[in-house]
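**Q** Take this structure first; my questions come after.
The values are calculated or read from the model by the stated rules, or taken from the named source; none is laboratory data. Given the structure is predicted, the values throughout are model-derived calculations rather than measurements. Here the Cβ is made from the backbone with ideal geometry for all residues, glycine too, and neighbour counts use every protein chain on show.
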Amino acid sequence: MEQKVEAIVQWLRDQVKETGVKGLVVGVSGGLDSAVVAYLIQRAAPDNSLGVLMPLKSSRESIDHGKKVMDSCGINHLTVELSETHNVLYSTIKEQVEEKNEFNEKNNQLADANLRARLRMSTLYTLATNYNYLVVGTDNASEWYTGYFTKYGDGGVDILPIVEFTKQEVREMAAYLGVPDEVVNKQPSADLWEGQTDEDEMGTSYDTIDAYLRGKEVPERDKKIIENMHARTEHKRRGAKQFHLK
């Protein structure tokens, strides 16, 4: 683990040097993956790394865990409250669609959640431009393969330092780095709505996805869920499809 951490930290330093920026910024959610990335970028750029807490319909626990992570790793940090901004923007959009009698109640919850992720991305890039930093992503291998991230939201980043590591490997890395135990051991959740968990939403567990990615046998039901998620979200990993005149 020491070698893996040192390799990531050196890679982060190389990205700073190659792109000509001054440092690195990450959004800290109070979850495992963003905690690990906060610790890693603080090691890579102690004087030029920034953790950003962006409360937006967030649980009290998530906010408290995010603050604890930033305090414990010693990263420079700030908080940008986005609840009012989100409420104004979403209510304005909803009002316009309702006037046309085209509001889709079925998709309302997901549209709301995705807007939150994209507002956070916009906030991080605004800060990144201010400080001349790179935006660092927090997706792990399990999330990347299944597409469990918002396109141009938490997936809208410059670099991905832990994308080759499964959820379990990230958890082991967190323990090695000294991430607070309550963050290491908490139930994974994007905190999209009250009681929401990643595994309930996906319909399978991270342990099962990790096993699948390692080439191990998993139940047929879970295998189908994982492969369907991967196929359905290919556009997220590929980026914008381009037209070429033949």
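**Q** Could you figure out which of (1) without any contact (Cβ under 8 Å) to a residue 12 or more places away in the chain; (2) of a type in the set (Lys, Arg); (3) in a helix (DSSP H, G or I) isn't true of residue 236?
**A** All conditions pass for residue 236, except number (1).
**Q** Is it the case, given these coordinates, that residue 159 is more than 15 Å from the chain's Cα centre (by Cα), at negative phi and modelled with pLDDT of 95 or more?
**A** Spelling it out, it is not the case that residue 159 is more than 15 Å from the chain's Cα centre (by Cα), at negative phi and modelled with pLDDT of 95 or more.
**Q** Any residue at all in the range 166-183 that's at pLDDT below 95, within 27 Å of residue 61 (Cβ to Cβ) and of a type in the set (Gly, Ala, Ser)?
**A** Checking the range 166-183: not a single residue is at pLDDT below 95, within 27 Å of residue 61 (Cβ to Cβ) and of a type in the set (Gly, Ala, Ser).
**Q** From 102, 6, which residue is modelled with pLDDT under 95 and not small (Gly, Ala, Ser)?
**A** When all the criteria are applied, what remains is 102.
**Q** A further question on this structure: I need the full set of residues from the range 68-107 which are without any contact (Cβ under 8 Å) to a residue 12 or more places away in the chain and either in contact with a Cys (Cβ under 7 Å, 6 or more places away or on another chain) or among the aromatic types (Phe, Trp, Tyr) (or both), in order please.
**A** Residue satisfying the conditions is 103 alone.
**Q** Go through the range 138-150 and give me each residue that's within 11 Å of the chain's Cα centre (by Cα), under 18 Å from residue 240 (Cα atoms), part of a loop (DSSP other than H, G, I, E, B) and touching a residue at least 60 places away in the same chain (Cβ under 8 Å).
**A** Result: 148, 149.
**Q** A further question follows. Condition check: over 21 Å from residue 226 (Cα atoms), buried (at least 16 other Cβ atoms within 10 Å of the Cβ) and at pLDDT 95 or above. Does residue 139 satisfy that?
**A** Answer is no for this residue.
A quick yes/no check of all residues on (1) surrounded by 19 or more Cβ atoms within 10 Å (Cβ to Cβ); (2) small (Gly, Ala, Ser); (3) over 21 Å from residue 153 (Cα atoms); (4) in contact with a strand residue (DSSP E or B) (Cβ under 6 Å, 6 or more places away or on another chain):
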site: 13; (1), (2), (3), (4): no, no, yes, no
site: 17; (1), (2), (3), (4): no, no, yes, no
site: 27; (1), (2), (3), (4): yes, yes, no, yes
site: 31; (1), (2), (3), (4): yes, yes, no, no
site: 39; (1), (2), (3), (4): yes, no, yes, no
site: 51; (1), (2), (3), (4): yes, yes, no, yes
site: 56; (1), (2), (3), (4): yes, no, no, no
site: 61; (1), (2), (3), (4): no, no, yes, no
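**Q** Tell me which of these residue 226 doesn't satisfy, since it passes every other one: (1) β-branched (Val, Ile, Thr); (2) under 25 Å from residue 86 (Cβ atoms); (3) in contact (Cβ under 8 Å) with a residue 24 or more places away in the chain.
**A** Among (1) β-branched (Val, Ile, Thr); (2) under 25 Å from residue 86 (Cβ atoms); (3) in contact (Cβ under 8 Å) with a residue 24 or more places away in the chain, the lone unmet condition for residue 226 is (2).
**Q** Then there is this: How many residues, within the range 91-129, are within 22 Å of the chain's Cα centre (by Cα) and over 26 Å from residue 34 (Cα atoms)?
**A** Looking only at that region, the number is 2.
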